[in-house]
């Protein structure tokens, strides 16, 4: 309960800080209706997801370099897996139990989705587009992060530490949770959240706090013997890259006219009412 209260307090603090940082952007507010916002945001979600999935087919030299560095660092981390696991097992304490439990909450997808919803609805209620946009970006990042890490986990099929099969036990395409160690989903989630919020808030102290919580999540996954060190290294890298990609894609959309339009409209009839959706290319 204490850890849950801590996380909720943290989420509320982020919302408050974000609202304060963007208070000087009042001139950018619009009077767009709720339906228009939903249409615009649905279009953004669609375009972000589509462009993200297609992005590997458009890699440039910088993207290949980044991929190479992440792969190399993860491979190097493999050599430290056993020693770091052994060291963690020797340093268990009630204090560390409580501290790392708070980190676990930061990496739980439901808390990220809750924060996304709080930001999005707050932006709708107070007519603050930037706040609403932050909530949307978080939702996009969490979705794409879950998709990416989920595919990698099943494809790689690496055994978790507590299975005691060793850090090199990899058997491709295994769907059991105990065989889905690489990468760490909690860690990638925490770093995706930290990245999106730090980019949007653009405040040094907030960035330090966000990444500190994300780092605590990574420590907890090793401490709880749920992941190897290399799992959390790759998870941290993925979460950061995905968060940055989502923010950059949305920035590009804001600077150009969208080629895809999604419209939501009411449908009324003698038998009832509902909503329609049209997608124009």
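Please treat every number below as a calculation from the coordinates, not as lab data. Every value quoted in this text rests on a predicted model; they were computed, and no experiment measured them. Cβ sites come from the backbone with ideal geometry, for glycine too, and all protein chains shown count toward neighbours.
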With eigenvalues of the C-alpha gyration tensor scaled by 5 and rooted, segment 147-245, Å: 27, 14, 7
Whole-percent pair-distance distribution, where bins are 10 Å wide, for the alpha carbons of segment 39-101: 16, 22, 22, 24, 17, 1
Most to least packed among 105-111, 200-206 [average Cβ atoms within 10 Å]: 105-111, 200-206
Distance from segment 139-170 to segment 177-222 (C-alpha centre basis), Å: 16
By average C-beta atoms within 10 angstrom, highest first, the peptides 162-172, 133-143: 133-143, 162-172
Burial order of peptide ranges 40-47, 63-70, 177-184 (average beta-carbon count within 10 Å, highest first): 177-184, 40-47, 63-70
Principal axis dimensions, largest first and in whole angstrom, of segment 202-257 by Cα: 48, 24, 11
Contact order normalised by residue count of segment 152-261, Cα under 8 Å, 6+ apart, percent: 30
